[in-house]
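Derivation of every value follows stated rules applied to the coordinates shown; laboratory data play no part. Treat the numbers as computed from the prediction; the structure is a model and nothing was measured. Here Cβ is always computed from backbone atoms with ideal geometry, including for glycine, and neighbour counts include all displayed protein chains.
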């Protein structure tokens, strides 16, 4: 998939899906279906329009690109979203970007899509334009729940990664560089690879999870079942903040400085303080056994 910033776009007829697409969830996938080009925004528009009120995102831009490429899209066109673009009149967006730059013959959006200054542009405005066909995708539902990025954020933050993964269409992932921790896990028999959560993005609620972990190498990724703790380690007074600690089953080696991709499958339990370190180690053994069953590769 080609990734192009809007100023570098070459004019040609396109079938365009337009949206922010945070998470690239099941609803987004219906919007994108049949499009050869996806038009999206970076950074997230809400982080510009409401600098202190923008949402924590489900995906990094790199992850979003990966997910969109997996849908068979030929081209991802990126609009660098800033204050000037936010002030653009809706009709200017249609005239100069959709028609002039992209030469769209078909435009696909979700029913809640808004655009232009103060979000004054809407689906009706697109439908009424005779220069292209417009498909407005209704909101998707799964098991009686509307599939939306905000709802999925709430599920992940609450620890319900299994349900969140269903609405996303695949397991929720966190990416990060492995950093040094307290090295206490190795003294307990369970050495962990540690990631510091990025506060710009959603992190699953505190607890222990069954996961798969991908170690990113120069040519490929190697995946391992993993038991992962998200939290502040209440058994020990460390003075450290929140960490994501991943114990990779059947892995040997040094991961410091490498990129790790953690795929959250299910929540095993909440984070808690045990009566003794021995009790903690016993529970960790049970967590690892359960994670192996769930994340079997």
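Order of 34-46, 74-86 by packing, highest average Cβ count within 10 Å first?
Working: 34-46: 19.6, 74-86: 15.5.
Order by mean packing, descending: 34-46, 74-86.
Taking Cα pairs under 8 Å and at least six residues apart, what relative contact order does the chain come out at, in percent?
On the way: 576 pairs, mean separation 49.4, N = 297.
Over the chain, the number comes to 17 percent.
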Return the label of the correct value of Kirkwood radius over Cα pairs in Å, as calculated from the structure shown, out of [x] 20.9; [y] 18.9; [z] 22.1. [x]
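Restricting to DSSP H runs of at least four residues, report the calculated mean residue ellipticity at 222 nm for the chain, -39500 (n - 2.57) per run over all residues, nearest 500 deg cm²/dmol.
Working: 9 runs with 69 residues, N = 297.
So the calculated ellipticity at 222 nm is -6000 deg cm²/dmol.
Expressed as a whole percent, how much of the Cα-Cα distance distribution for the stretch 171-294 exceeds 20 Å?
On the way: 2821 of 7626 pairs.
In whole percent, the share of Cα-Cα pairs in the stretch 171-294 beyond 20 Å is 37.
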Listed residues 216, 208, 16, most fluctuating in the chain (Gaussian network, C-alpha, under 10 Å): 216
Under a point spin-label approximation (7 Å from Cα along Cα-to-Cβ), what is the residue 82-residue 275 distance to one decimal in nm? 6.2 nm
